[in-house]
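S.K.: The structure's right below; bear with me while I get my questions together.
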Amino acid sequence: MPRYRQIQPKSGPEKAFGIVLREIRRAAGLSQLDVYIKFGIDRTQLSAIERGVQSPTLRTIDRLSRAFRVSPTEIMRRMENSRFYPRRGSA
């Protein structure tokens, strides 16, 4: 049976969001396991989001923003300023 690998994107909104989320988590001094233990957010899901292979739902964004005590708006603003976020007009 062939094994499938998740391809990590080189750029895009998922990649930009994931990098910002990882920065916020690390700045809070938390590991992925800490986030699971304290806030019940699955470690494998968090890992997939941070790598940009999974898009978070609005509910997950809300839970993460509450867990890290940062507004969803702040996460999105930082994502838009990321070098991995595609700029308007670029194809």
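The values are calculated or read from the model by the stated rules, or taken from the named source; none is laboratory data. On a predicted model such as this, the values are computed, not experimentally measured, just so you know. Positions of Cβ are generated from backbone atoms using ideal geometry, with glycine treated the same way; all protein chains shown enter the neighbour counts. When the accessible area is computed, the model is the full protein with side chains, heavy atoms only, and any ligands, DNA or RNA have been set aside. Shrake-Rupley method; radii C 1.70, N 1.55, O 1.52, S 1.80 Å.
S.K.: Using a 1.4 Å probe and ignoring any ligands, DNA or RNA, find the accessible area of residue 35 and quote it in Å² to the nearest 10.
M.R.: Surface accessible to solvent at residue 35 totals approximately 0 Å².
S.K.: Something else about it: For residue 52, what charge total do you get from the other residues with a beta carbon under 12 Å from its beta carbon, if Lys and Arg give +1 and Asp and Glu give -1?
M.R.: Once all neighbours under 12 Å are counted, the net charge is +2.
S.K.: Within a Cβ distance under 12 Å of residue 26, other residues only, what is the Lys/Arg minus Asp/Glu net charge?
M.R.: -1
S.K.: Tell me the label only: which of [x] 116; [y] 149; [z] 92 is volume of the Cα convex hull per residue in Å³ as calculated from this structure?
M.R.: The value computed from this structure is option [x].
S.K.: Quick one: Karplus J couplings for the range 24-41, per residue in order, coefficients 6.51, -1.76, 1.60, θ = phi - 60°, nearest Hz, x for Gly and Pro?
M.R.: Coupling constants for the range 24-41: 5, 4, 5, 4, 7, x, 10, 8, 4, 5, 4, 5, 4, 5, 7, 10, x, 8 Hz.
S.K.: Let me ask something additional. How much length would be gained if the chain were fully extended between residue 43 and residue 82, taking 0.36 nm per residue of separation minus their Cα-Cα distance, in nm to one decimal?
M.R.: The span from residue 43 to residue 82 would gain 11.7 nm if fully extended.
S.K.: What is the extension gain from residue 69 to residue 31, computed as 0.36 nm multiplied by their sequence separation minus the C-alpha to C-alpha distance, in nm to one decimal?
M.R.: 12.1 nm
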